[in-house]
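K.L.:
Submitted below is the structure of interest, expressed as structure tokens.
Please treat every number below as a calculation from the coordinates, not as lab data. Just so it is clear, the model here is predicted, and its values are computed rather than measured. Don't worry about glycine lacking a Cβ; one is built from the backbone with ideal geometry, like all the others, and counts go over all protein chains shown.
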């Protein structure tokens, strides 16, 4: 009992990512919050930007596309984010809007429209990210593909920042998490706007044909670094209290494969905390990667570790949470609610590591 009380007295983020499948009805959403409250979670990262559509009533998106909200019948007449925020207040759970799709602007398998790429690209075909050969389809399972927005295009960056600033201004949320602030692969960034910007900074030269050219990778990473700094400013201008966070791939794998350099975001002060996806199915692998990410992040103070429960035994998840506490992290966030609920792991977590409620560090 003393150990449990000591743990409960220590503020920590006990977070979980809630995917769109838990938002399909008000009843399902309430069940999600009820079960998480019973298991003593205190933070829900709720999906708000998915498959090329917002899951809140967005004036910014409507202005560009004519769609205010995801057009699926299950969302008609609703505002899923507003419902989540209200439930968060009822259950004393912090609700953090999570922009899962980041720079992904459309998915061929979901309300892709006449053009087959999603409504934002029907309005702005020049926003499409491209490979060297001009192709725009980036495969993602089941024969479908994502369509990404051109990362260095200033119009794209402003649009995404406008979406996040709109959330910060309209909804009472403590933080906003942006995801997929990366390239889908290194053979990307050859759209007209990016090529023109690169040429303007390199005496008229086009980007190298080799997508792994070190200077070309560094230049693209720098564009994402600048974007994240701008995103922080825009969110803060909209709501000075809102924290800014991200869920990057682990570094340096993220940089080598996706030109994503999240340690630079920490150094430049454009993150309040970061949740690298330390998805390892074995505890020893998690421990090695966690210690590496602590070093890359410049310490544990801003690292809320991302833990995978969808392909990991619950015993490993529990040991990973205990290790995060030993390393003095401010908390963890687990991927994802659906996996925990379907496997019966919520009760196991409460018994082992979430015995009593815990306050949040930012309170």
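K.L.:
With each pseudo-label sitting 7 Å past Cα toward Cβ, what's the residue 229-residue 137 distance in nm, one decimal?
P.N.:
Using points 7 Å along Cα→Cβ, the separation is 3.9 nm.
K.L.:
Mind giving me the FRET efficiency for residue 302 and residue 205? R0 is 45 Å, r the Cβ-Cβ distance, nearest 0.05 is fine.
P.N.:
0.75
K.L.:
Ranked by Cβ crowding within 10 angstrom, fewest neighbours first, how are 279, 183, 101 ordered?
P.N.:
The most exposed by this proxy come first: 279, 101, 183.
K.L.:
Follow-up. Starting from the Kirkwood Rh over alpha-carbon pairs, what translational D in µm² s⁻¹ does the chain have by Stokes-Einstein at 4 °C and 1.567 mPa s? Before the final figure, lay out each step's value.
P.N.:
On the way: Rh = 21.0 Å.
Once the numbers are plugged in, D ends up at 62 µm²/s.
K.L.:
Also, quick follow-up: Once the Cβ-Cβ distance between residue 92 and residue 185 is put in as r, and R0 is 41 Å, what FRET efficiency do you end up with, to the nearest 0.05?
P.N.:
Calculated transfer efficiency: 0.45.
K.L.:
I would also like to ask the following. For the range 84-193, max minus min Cα coordinate along each principal axis, in Å, sorted largest first?
P.N.:
If we take the Cα atoms of the range 84-193, the spans are 51, 31, 26 Å.
K.L.:
For residue 237 and residue 342, calculate 0.36 nm times their separation in residues minus their Cα-Cα distance, and state this gained length in nm to one decimal.
P.N.:
Here the segment from residue 237 to residue 342 would lengthen by 33.8 nm.
K.L.:
If I take every Cα pair under 8 Å that is 6 or more residues apart in the range 168-232, average their sequence separation and divide by the length, what percent do I get for the relative contact order?
P.N.:
Values: 25 pairs, mean separation 16.3, N = 65.
Value for the range 168-232: 25 percent.
K.L.:
Also, I was wondering about something else. If you stretched the chain out fully between residue 62 and residue 35, how much longer would it get, using 0.36 nm times the residue separation minus the C-alpha to C-alpha distance?
P.N.:
6.3 nm
K.L.:
Shifting gears a bit: With a 10 Å Cβ neighbour count serving as the proxy for reagent exposure, in which order, fewest first, do 29, 271 appear?
P.N.:
29, 271
K.L.:
Let me ask another. Percent of alpha carbon pairs in the range 232-281 separated by more than 13 Å?
P.N.:
61
K.L.:
Shifting gears a bit: So which residue, out of 299, 141, 66, gets the largest mean-square fluctuation from a GNM of the chain using Cα contacts under 10 Å as springs?
P.N.:
141
K.L.:
Follow-up question, since we're still on this one. Could you tell me how many degrees, from 0 to 90 and to the nearest 10, lie between the Cα long axis of helix 314-326 and the main elongation axis, the longest principal axis, of the Cα atoms of the chain?
P.N.:
90
K.L.:
Right, next: Restricting to the chain, compute how many DSSP beta bridges are antiparallel as a %, nearest 5.
P.N.:
Antiparallel bridges: around 20 percent, rounded to the nearest 5.
K.L.:
For residue 351 and residue 281 in one chain, what is 0.36 nm times their gap in residues minus the Cα-Cα distance, to one decimal in nm?
P.N.:
Roughly 23.1 nm would be gained on extension.
K.L.:
Spin-label point model (7 Å from Cα, Cβ direction): what's the residue 295 to residue 222 distance in nm?
P.N.:
Result for the modelled spin labels: 2.7 nm.
K.L.:
Pop the C-beta distance of residue 327 and residue 212 into the FRET formula with R0 = 45 Å and round what comes out to the nearest 0.05.
P.N.:
After rounding, the FRET efficiency stands at 0.85.
K.L.:
Further, regarding this structure: Mind grabbing the base-10 log of I(q)/I(0) for the range 1-135 at q = 0.09, 0.15 Å⁻¹? Debye formula, identical points on the C-alpha positions, no solvent, two decimal places.
P.N.:
-0.35, -0.77
K.L.:
Take the Cα pairs of the range 179-328, get the Kirkwood Rh, then feed it into Stokes-Einstein at 37 °C and 0.692 mPa s and tell me D in µm²/s.
P.N.:
D, rounded to a whole number, is 196 µm²/s.
K.L.:
Here's a follow-up. For the chain, what does the relative contact order come out to in percent, with C-alpha contacts under 8 Å and a separation of six or more?
P.N.:
Relative contact order comes out at 20 percent.
K.L.:
Arrange 50, 310, 58 by Cβ neighbour counts within 10 Å, fewest through most, would you?
P.N.:
310, 50, 58
K.L.:
Using a 10 Å cut-off on Cβ atoms, rank the peptides 76-83, 35-42 from the highest mean neighbour count down. Please report the intermediate quantities before stating the final value.
P.N.:
On the way: 76-83: 16.9, 35-42: 19.6.
So the peptides 76-83, 35-42, ranked by packing, come out 35-42, 76-83.
K.L.:
Report the label-to-label distance for residue 169 and residue 310 in nanometres (one decimal), using points 7 Å from each Cα along the Cα→Cβ vector.
P.N.:
So the two model labels end up 3.3 nm from each other.
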